[in-house]
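Okay, so here's the structure we're looking at.
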């Protein structure tokens, strides 16, 4: 990925609140990006709910197919 493209992606992630930027005191030219835990926790919760829904749906579908045999 080119540096300008990487910069655009990081800027988008920062604006959306998914990452935070910090500058170490030793060098103002250095930027450190870190994932923010809160949005990741929300995503994880949503993924767990979605996985549970699909597990239930697939279990019901399997039971339906097995009843039809």
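The values are calculated or read from the model by the stated rules, or taken from the named source; none is laboratory data. On a predicted model such as this, the values are computed, not experimentally measured, just so you know. Reconstructed Cβ throughout: ideal geometry from the backbone, glycine too, with neighbour counts over all protein chains shown.
Quick notes on this one:
- Cβ-Cβ under 9 Å pairs, at least 6 apart or on other chains, region 3-14 side under 15 Å from residue 30 (Cβ atoms), far side modelled with pLDDT under 95: 10/19; 10/21; 10/31; 10/33
- Screening the candidates 43, 18, 47, 65 for the property of being in contact with a helix residue (DSSP H, G or I) (Cβ under 6 Å, 6 or more places away or on another chain) and without any contact (Cβ under 8 Å) to a residue 60 or more places away in the chain yields one hit, 18.
- Note on region 33-69: residues that are surrounded by 10 or more Cβ atoms within 10 Å (Cβ to Cβ) and touching a strand residue (DSSP E or B) at 6+ places or on another chain (Cβ under 7 Å) total 3.
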